[in-house]
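This report refers to the structure that appears directly beneath it.
The values are calculated or read from the model by the stated rules, or taken from the named source; none is laboratory data. Here the structure is a predicted model, which means the values were calculated and not measured. Every residue, glycine as well, gets a Cβ built from its backbone with ideal geometry; the counts of neighbours run over all protein chains shown.
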Amino acid sequence: MTRICLFLFSIIFSVTLLAQNKSPAVYQSEDDSVLTIKKVFIAPFYDNQNSIYAPVMTEHIKNKITEENQWAVESASGENKKISDQLDSSSSERISLMKKTGVQALLTSKIIKGPKGLSLRMTLYTGPKALPLVQENIDQLQNFETEEIKKNYELLWTRVKKRMPYNGVLLSRRGSDVTLNLGTKNGLTPRAEVRAILILKLQRHPKLEYMTSVEKEILGKIEITKLDDYLSFGTITYEKEPNLLVAGTKIQMDEMTIVSSPKSTPTDKVAFGEKPKEWVPLNPPQYGLLGISLGINQYNQNANLTTVGTLSAVNNFAPTLKLSGEFWLNEEWFFALSLRQSALAVSNGLAGSSPEKLNMSLSQQAISLGYTLLVTNQFFGPKFQFTLGMTQFHAQIDPSTPPAFTTMNYGGMTLGFSGSFPISEDLPWDLGAQFKYFWSPSTSESGGTSGSVTSSKINDFGIFTRYHRSQNFNYIAELGFEYYSTDFNPAGATRTNPATNISHKITNLLVGLEYLF
């Protein structure tokens, strides 16, 4: 009996020890792991001024990151010496470089001198797919002095760091005392409270892929007790689970630091000045675009009548309105709609027919599913778009006695293609072209028929230019050419003057505005 009691006691004691020493709850997230950065690769910066600025700014930012002592820095050397311009345009190059160097982040930057001054752009890539996490720009700098550009690069780097979803990490823990890689240079003050967080989900732009928002969970809170420039010590005041906060846990400051501008420039008026406010980025377009265009078209219709020969209807200045929309389903696929409408009057060219003037309306409707192929990873860079959909053209005309012209309808399934390319790095202009191929076009005639349709032909193509006014607005101008033609067999015709051929030629010149939302 004694042995049995001792055996039972030993089992109960062992279970109790296991319960007391069980591992704390583990909180894990794939996106949190992807954003853990220990080492960053600084790619040689690029400029379009024969490398006057790039090497100096590359070294300056490298020293700045090294001084902060949050990330180890890997520099370009040997076969890894690929400049920012190459890496920005090739995701495969970025992935290969990051794997080869064993880094968790890649920093690139461009300096472009244009007619409005210098433009600085900095991009931070992270994760196994080397996707852009944060991208920041400073434009229209008029002071080309090296020291001034250095100051603006420090500002650019500060903006990149401020948009990161966390500010630092927990370095070590002993009991409730912890060490953080944040200090006074990061904006911390004695007795300040910071949060230990877990990143649950990262939301990305559907096309540009950089971070737009992030979901976080608070794991604990820490009160700062002692400070150095880039180091601090604190005490855990709240923890969601015992021993949950460990080395590597991400830290977010309650209040973001307001950094003083090195020197006020036209682009910094919102963030700096006499009453500085925290800089807040604009929401990038995520869902699609809406467009409206106005212009004129030149219209010409020819009808070869079996009884009187060829009749022509011409109008060179028909007012035209076009509405369009593009709705992004994901990074590549989109849904597109367009509607164009014209109103005009033409002369009745048939002798003895009335009225003398005939009112017309021209309309085109299109609906399609499209795929976008970016040549680089930049949305406003060179790209191609392919579409599959339905297009209908309707030319309605007033009836006349005897009939001169009839209302015509054309349409069918279309395969579309368009391509656009920036004019240069310096100018926010694109040039592009588009065309539609009609698969088995159909034709119908109203107000009497000219007999059976023997063949139909449709051509639709054009060129366009787009000016990127801002992140959310484009100006667009387009020149389009359309041709619709049908041959008839007059046998079985129901109209008085059947036609052997009817054709419509339209040239559209439109200018308008696109809103990206």
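Below are the figures for this structure:
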read-out	value
Selected residue [without any contact (Cβ under 8 Å) to a residue 60 or more places away in the chain, buried (at least 19 other Cβ atoms within 10 Å of the Cβ) and not in a loop (DSSP other than H, G, I, E, B)] from GLU93, GLU74	GLU74
Output for region 98-148, where each listed residue is within 18 Å of ASP88 (Cα to Cα) and among the polar types (S, T, N, Q)	THR101, GLN104, THR108, SER109, SER119, THR123, THR126, GLN135, ASN137
Matching residues, region 94-121, being among the aliphatic types (A, V, I, L, M) and within 13 Å of VAL40 (Cβ to Cβ)	LEU97, MET98, VAL103, ALA105, LEU106, LEU107
Residue match in region 391-408 (condition: more than 35 Å from the chain's Cα centre (by Cα), over 13 Å from MET360 (Cβ atoms) and not β-branched (Val, Ile, Thr))	yes
TYR475 within 30 Å of ILE138 (Cβ to Cβ), assigned to a strand (DSSP E or B) and among the hydroxyl-bearing types (Ser, Thr, Tyr)	yes
Where a residue in region 120-141 is hydroxyl-bearing (Ser, Thr, Tyr) and its partner, wherever it lies, is modelled with pLDDT of 90 or more and outside any strand (DSSP E or B), with Cβ under 7 Å and at least six apart	TYR125/ARG94; THR126/ILE37; THR126/GLN104
Verdict on GLY168 being at pLDDT 90 or above and small (Gly, Ala, Ser)	yes
Per-region count, region 136-164, residues touching a Lys or Arg at 6+ places or on another chain (Cβ under 7 Å) and either assigned to a strand (DSSP E or B) or within 30 Å of LYS240 (Cα to Cα) (or both)	3
Evaluation of ASP177 against (1) assigned by TED's automatic domain parsing to the domain that holds ILE112; (2) under 18 Å from TYR238 (Cα atoms) (one fails), failing number	(1)
Considering residues of region 181-202 that are over 33 Å from the mean Cα position of the chain (by Cα) and among the polar types (S, T, N, Q) only, the residue surrounded by the fewest Cβ atoms within 10 Å (Cβ to Cβ)	THR189
Odd one out for SER470, checked against (1) hydroxyl-bearing (Ser, Thr, Tyr); (2) touching a residue at least 24 places away in the same chain (Cβ under 8 Å); (3) out of contact with any strand residue (DSSP E or B) (no Cβ under 6 Å at 6 or more places or on another chain)	(2)
From LYS113, LYS99, LYS62, residue being out of contact with any Phe, Trp or Tyr (no Cβ under 6 Å at 6 or more places or on another chain), outside any loop (DSSP other than H, G, I, E, B) and farther than 26 Å from GLY381 by Cβ	LYS62
Scope region 429-467; condition buried (at least 17 other Cβ atoms within 10 Å of the Cβ) and within 23 Å of LEU516 (Cβ to Cβ); matching residues	ASP430, GLY432, GLN434, GLY462, PHE464, ARG466
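Conditions (1) farther than 30 Å from ALA196 by Cβ; (2) modelled with pLDDT under 70; (3) surrounded by 18 or more Cβ atoms within 10 Å (Cβ to Cβ); (4) under 29 Å from the mean Cα position of the chain (by Cα), marked per residue:
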{"position": "ASN21", "(1), (2), (3), (4)": "no, yes, no, no"}
{"position": "VAL26", "(1), (2), (3), (4)": "no, yes, no, no"}
{"position": "ILE42", "(1), (2), (3), (4)": "no, no, yes, yes"}
{"position": "ASN50", "(1), (2), (3), (4)": "yes, no, no, no"}
{"position": "ASN69", "(1), (2), (3), (4)": "no, no, no, no"}
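So that you can scan it fast, the table gives a plain yes or no per residue for (1) surrounded by 14 or more Cβ atoms within 10 Å (Cβ to Cβ); (2) within 19 Å of GLN396 (Cβ to Cβ); (3) among the aliphatic types (A, V, I, L, M):
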site: ARG469; (1), (2), (3): no, no, no
site: ILE476; (1), (2), (3): yes, no, yes
site: SER485; (1), (2), (3): yes, yes, no
site: GLY492; (1), (2), (3): no, no, no
site: ARG495; (1), (2), (3): yes, yes, no
site: PRO498; (1), (2), (3): yes, no, no
site: LYS505; (1), (2), (3): yes, yes, no
site: LEU513; (1), (2), (3): yes, no, yes
site: LEU516; (1), (2), (3): yes, no, yes
